[in-house]
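The values are calculated or read from the model by the stated rules, or taken from the named source; none is laboratory data. Keep in mind it's a predicted model, so treat the numbers as computed, not measured. Glycine gets a Cβ as well: all are built from the backbone with ideal geometry, and neighbour counts include every protein chain shown.
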């Protein structure tokens, strides 16, 4: 039986990431179903579903954090997709990544921008 | 002779951080004036003065990144002040820090929230 | 109304950290009660309450991770207390921290060991 | 002439990582033989050969640290192999990685779990 | 119109990294021309062009930092090329990376050394 | 019986850090004598005693790495002392820290520079 938190998180995850989110969760499901469940319940069911910040802002702060940390490239790309899916512009995403040069250094910004470029290209090709 | 970038950065720095920003820069001026100049020119003169993101969003993504990195507490506190000074609510700042539990772990969020609590208290006392 | 997860997490938190855990949560409660709730629900209610690893092992891997990350000293000290409270020996804690010299460098191990020394002293004084 | 530490480390390295460890060391030998020697002498000859922690626990705390740090994927995979080789179960490895979601965030846990899935698949294919 | 800082940075970038630097900047130009401009202006136009440290030392401290941080492999390889281009020996580069085992752990040093091995091979093939 | 590596490392440690190094080691000796021994044997007995890099360069790359990592302030201050003790100028130390703004962000450089300022003041007072 799935909890209400799970259901809410699953809905938000589908809404933000679409098929891409489903694919990542499906790969992970084969290794550790409990991690999939927790991801739906806590980050999405509990946090992203909170009021208090627009979904667009939630995606931009995540892009900022993942660019700055610099060690989670697949998640950074997913969240760049997510940011665009919920209505952020490419310019806003690039501004966020650019600003990380100040706080985490130029290599972090450069690698984040390269990831953004790949996401933009992928979306251009599939549109 | 000060560059236009310097002047623009100095103005933004004063606008966002007020006396607190001046104090930090003055302490640093005594050690390395060139770093003060670069801080005014690049982060503030070049980046924060860009259009493309509201100043409120710029402060929130910085609070996100510094909370996630977890190794720059004085700057995190300055930027929490900055976020509030440019019009973010305490609730928005707390939402940003809370979300970092997802991306950087609970200790990062907890330490960020403690820093926010200290900033809030300081502002309550001095108001 | 508190969830079953919350209650379970609250119990484990009390069992492992005793008054020290209550004090940390109480300070945080004043800033952001939702973060306190999430800490009890997810890390403790969901993760620490899982079978599959002894509680002693759970505390040792946390001491390892926090020593290696090197940016969460208050949490590292809490978990050193926790490790000792659930039955790890001081020697085991020190072995874990020592091994982190290999994976995160000597400064991380040195700072972790200093934190351990402070915890040991505090426990000696209060016993 | 090889030191006693070197010999002891070389033995432990072979015992834990088998052919995989030999291959990594051989690739590195071609670039910097002194680093190979230091790896055998200090991490393995000095640290892993200490009493005070079971080898299984040593491997689990290393899996924890490398998952949390998130910037050493090849070494994480080697140590997941190592953990399994010295008698940890796949479930124990997954529990360790899962718990890192709490301390280093969900992306770190997700990437660690993906690495574990690759190691498990590789072992299934070669058995 | 390009600033003097830009021109100075562009010259230093060409001098240190040659065609490789031009290629990286060209790829990035297609995504975010402003980041290219900032890279030429601040890191190279402002910092690398300062007196006070030899260019060889500037490259070695960058190799040290990027090896230690462990999350910027493309930039690490560019700067290993850069170090060799401005007159550092392979031995000096390896000594720097080796020393990082002490401050950032053996995985960081091992991954840095592997990157160095790839750069050395590439230069041997193209000479 | 102390090894030749230990003796060599102990000598270098005394030579570089003087009384300050002895004090740190003595505090640590009370918690974990084996870590003191390893620090003397591996970082100092093995690495700092290698030829291939001048001691001045060894200290500067360590200052770079610790500034960039940003989570080892006590060790950063010790190595700034060390750099000055082996003949680096204050200007060289500041150039290294300044350059880290490029690779690890301005907060890392600012915190490193503050640490340098404290070291310089301490040396001015005691001279």
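Every condition in (1) in contact with a helix residue (DSSP H, G or I) (Cβ under 7 Å, 6 or more places away or on another chain); (2) assigned to a helix (DSSP H, G or I); (3) not assigned by TED's automatic domain parsing to the domain that holds residue D:104 is met by residue D:31 except one, and the failing one is (2). When you look at residue A:24, is it within 11 Å of chain D (Cβ to nearest Cβ) and modelled with pLDDT under 95, yes or no? Taking the combined requirement at face value, the residue satisfies it. For the range C:90-104, the set of residues classified as farther than 19 Å from residue E:101 by Cβ and more than 7 Å from chain D (Cβ to nearest Cβ) consists of C:90, C:93, C:94, listed by residue number. For residue A:87, the criteria (1) in contact (Cβ under 8 Å) with a residue 12 or more places away in the chain; (2) assigned to a helix (DSSP H, G or I) hold in every case but one, which is (2).
Kindly indicate whether residue A:83 is buried (at least 21 other Cβ atoms within 10 Å of the Cβ) and within 14 Å of chain D (Cβ to nearest Cβ). So residue A:83 does not fit the description; no. Starting from residues that are within 11 Å of chain B (Cβ to nearest Cβ) and in a helix (DSSP H, G or I), keep the ones in the range C:61-71 and report whichever is nearest to residue C:90 (Cα to Cα). Checking each candidate, the answer is C:62. Looking at (1) in the same structural domain as residue A:7 (by TED's automatic domain parsing); (2) within 14 Å of the chain's Cα centre (by Cα), which is the only condition residue A:67 fails? With respect to (1) in the same structural domain as residue A:7 (by TED's automatic domain parsing); (2) within 14 Å of the chain's Cα centre (by Cα), residue A:67 is out only on (1). Applying the set (1) surrounded by fewer than 21 Cβ atoms within 10 Å (Cβ to Cβ); (2) within 16 Å of residue F:119 (Cα to Cα) to residue F:66 leaves exactly one unmet item: (1). Considering F:37, F:50, F:8, the condition of being within 21 Å of residue D:38 (Cβ to Cβ), in contact with a helix residue (DSSP H, G or I) (Cβ under 8 Å, 6 or more places away or on another chain) and in contact (Cβ under 8 Å) with a residue 40 or more places away in the chain is satisfied by F:8 alone. Looking only at the range B:105-114, which residues are touching a residue at least 12 places away in the same chain (Cβ under 8 Å) and facing chain C (nearest Cβ under 8 Å)? Hits for the range B:105-114 are B:107, B:108, B:109, B:111, B:113.
Table: residues versus (1) assigned to a helix (DSSP H, G or I); (2) surrounded by fewer than 24 Cβ atoms within 10 Å (Cβ to Cβ).
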| position | (1), (2) |
| --- | --- |
| D:16 | yes, yes |
| D:23 | yes, yes |
| D:36 | yes, yes |
| D:50 | no, yes |
| D:53 | no, yes |
| D:59 | yes, no |
| D:97 | yes, no |
| D:109 | yes, no |
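Please tell me if residue F:74 is within 14 Å of chain B (Cβ to nearest Cβ), outside any loop (DSSP other than H, G, I, E, B) and within 15 Å of the chain's Cα centre (by Cα).
Numbers: within 14 Å of chain B (Cβ to nearest Cβ): yes; outside any loop (DSSP other than H, G, I, E, B): yes; within 15 Å of the chain's Cα centre (by Cα): yes.
Yes, satisfied.
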